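Notes for the one structure printed next.
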Amino acid sequence: MSVTRIQSKELNASGVASPSTISFTSNVAAGNLLAFISAQAAAANRPIAAVSDNLNGAWTKRSSKGVAGTDRLAEIWTLENTLGGACTVTITWSNGTDSKDMMILEYSGLATSGATDAADGVTETSSTSHNTTSATQTTSANGGVLLACAGLNGSDVTLSPESGFSSLGNANTGVVMLERITTGSYTGRATFSTTNARTSNACFLSLKAPAAAPGKVPWHLLLNPLSQAL
């Protein structure tokens, strides 16, 4: 079964109050994986304290980068093996308003448990070339989906993702959200470039597909292995 992004929904807001909610447009399907990406478009932001939904309850933070109250933050959370139905996601942080660009996504074809393969993050000095990992990552040969997000210290309308990656969302030019669906292993750092030199805080998450099931032995060989020679 191949990995497929079923749907996504973005919320970009300046001065939004906690908690915020995002609802999937269509019902989510039982057994799928739900992901949440958040990057922040203004300095000194508040970290997200909790992500939950009305079907499953609490989600798990898988990757993050940035110092709360000092600079921009990037975070990725997931919920494996979701229940099916209409799904609204609630995002909670410390009191007060904040500027965040947030997205929820639904994927089919990923492992229903232990889907996290690799998680990393990096703070980049001012440059037009950016990494989203601190070191080169090699992901599972099973294939899966790679997600990355970054907050820049300023807007940049021209974004160039690494070959094979697509940009997710475009509501905020100070935020980068990247996706790559793979059928095998990936080795790299999920890079992107900007027209203007910027600093960035970025995080990366690889989610893997389940291992392929072993091939089935024909029933007549199980009954009489010698028939294989016939």
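The values are calculated or read from the model by the stated rules, or taken from the named source; none is laboratory data. These figures come from a predicted structure and were not determined experimentally. For neighbour counting, all protein chains shown are included, and Cβ atoms are generated from backbone atoms with ideal geometry for every residue, glycine included.
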Residues within region 31-85 that are surrounded by fewer than 23 Cβ atoms within 10 Å (Cβ to Cβ), more than 23 Å from residue 174 (Cα to Cα) and touching a Cys at 6+ places or on another chain (Cβ under 7 Å), tallied: 2
Residue pairs meeting the criteria (Cβ under 6 Å; at least 6 apart or on separate chains; first over 21 Å from residue 117 (Cα atoms), in region 160-183; second among the β-branched types (Val, Ile, Thr) and part of a loop (DSSP other than H, G, I, E, B)): 173/157
Residue count for region 47-75, restricted to those that are assigned to a strand (DSSP E or B) and either among the charged types (D, E, K, R) or in contact with an Asp or Glu (Cβ under 8 Å, 6 or more places away or on another chain) (or both): 8
Members of region 93-126 that are surrounded by fewer than 13 Cβ atoms within 10 Å (Cβ to Cβ) and in a strand (DSSP E or B): 125, 126
Neighbours by Cβ (under 6 Å, 6+ apart or cross-chain): first from region 37-59, closer than 13 Å to residue 103 by Cβ and at pLDDT 95 or above; second part of a loop (DSSP other than H, G, I, E, B) and not hydroxyl-bearing (Ser, Thr, Tyr): 51/59
Members of region 158-199 found to be under 24 Å from residue 34 (Cα atoms), among the hydrophobic types (A, V, I, L, M, F, W, C) and not in a loop (DSSP other than H, G, I, E, B), listed by number: 175, 176, 177, 178, 181
Residue 135, sole failed condition from (1) in contact with a Lys or Arg (Cβ under 7 Å, 6 or more places away or on another chain); (2) farther than 18 Å from residue 39 by Cα; (3) part of a loop (DSSP other than H, G, I, E, B); (4) not β-branched (Val, Ile, Thr): (1)
Test for residue 155: is it modelled with pLDDT under 95, closer than 19 Å to residue 73 by Cβ and either touching a strand residue (DSSP E or B) at 6+ places or on another chain (Cβ under 9 Å) or loosely packed, with under 14 Cβ neighbours inside 10 Å (or both): yes
Filter result (within 24 Å of residue 121 (Cα to Cα) and either part of a loop (DSSP other than H, G, I, E, B) or of a type outside the set (S, T, N, Q) (or both)) within region 14-46: 33, 34, 35, 36, 37, 39, 41, 42, 43, 44, 45, 46
Residues satisfying the stated conditions in region 1-24, i.e. among the small types (Gly, Ala, Ser) and modelled with pLDDT of 85 or more: 2, 8, 18, 20, 23
